[in-house]
Amino acid sequence: EIVTAWSARRRGMPLVVEELQTAKVVRAIEAQNQLEEVLVDFWFNHFNVFQGKNFMRVLVGHYEHHAIRPFALGRFRDLLGAVTHHPAMLYYLDNWQSSARGLNENHARELMELHTLGVDGGYTQQDVTTLARMLTGWTLVPLRPRQALEAPPLQLVPPGRSDTQTGFWFNPRMH
């Protein structure tokens, strides 16, 4: 562990990133189900989030473990729901701050253009705007209880998930 920490710092890489990369390589080599590992890697690349954006590097491992890995061999709809609700995707595409008064189309555009329909998928700018409006209020669970608004949050759990905290929060006041 000391060698890994020293090696990561020497290359200017945060330790958490080094550990994620090491774990990925070990799983790829040692896993009993190689097909699953290939599909996890494929879907992780398809639903990519940039770990260099602020504190994203601390979310990336959780994202792969909770939003991609459990759904890699399952239905696309379940996988799409899990990654779309995950705090890593909400933060990466800035949907966590999208509201009726400050609409952000990043998440909607990525869903349509990159994650599902494709660049020439037959949708219009109006479709993107409409989807962005539908996604307003999809945000992150407040870190401090005092930051939460007076209205109680509606916790939504992605398909196939138990009642564990996912970090996703629908804030009706932003919708």
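The values are calculated or read from the model by the stated rules, or taken from the named source; none is laboratory data. Worth saying up front: this structure is predicted, and the values here are computed from it rather than measured. Because the Cβ atoms are built from the backbone with ideal geometry, glycine has one as well, and the counts that use them run over all protein chains shown. Each accessible area value is taken on the protein alone, full model and side chains, heavy atoms only, with ligands, DNA and RNA left out. Shrake-Rupley method; radii C 1.70, N 1.55, O 1.52, S 1.80 Å.
Return the total of residues in the stretch 108-143 being at negative phi, in a loop (DSSP other than H, G, I, E, B) and out of contact with any Ser or Thr (no Cβ under 7 Å at 6 or more places or on another chain).
9
Just name the residue that is nearest to A82 (Cα to Cα) out of those in the stretch 108-130 that are surrounded by 14 or more Cβ atoms within 10 Å (Cβ to Cβ) and acidic (D, E).
Applying the filter and picking the extreme gives E110.
Out of (1) modelled with pLDDT under 90; (2) small (G, A, S); (3) open to solvent by less than 60 Å² (accessible area, probe 1.4 Å); (4) under 21 Å from F42 (Cα atoms), what's the single condition that is false for G167?
(4)
Of all residues in the stretch 86-107, how many are open to solvent by less than 10 Å² (accessible area, probe 1.4 Å) and in a helix (DSSP H, G or I)?
Adding up the residues that qualify gives 5.
Quick test of your reading of the structure: E18 fulfils all but one of (1) in contact with a Ser or Thr (Cβ under 9 Å, 6 or more places away or on another chain); (2) open to solvent by 50 Å² or more (accessible area, probe 1.4 Å). Name the failing condition by number.
Going through the list (1) in contact with a Ser or Thr (Cβ under 9 Å, 6 or more places away or on another chain); (2) open to solvent by 50 Å² or more (accessible area, probe 1.4 Å), E18 breaks only (2).
Of all residues in the stretch 37-73 being open to solvent by less than 40 Å² (accessible area, probe 1.4 Å) and in contact with a Lys or Arg (Cβ under 7 Å, 6 or more places away or on another chain), which is modelled with the highest pLDDT?
The selected residue is V40.
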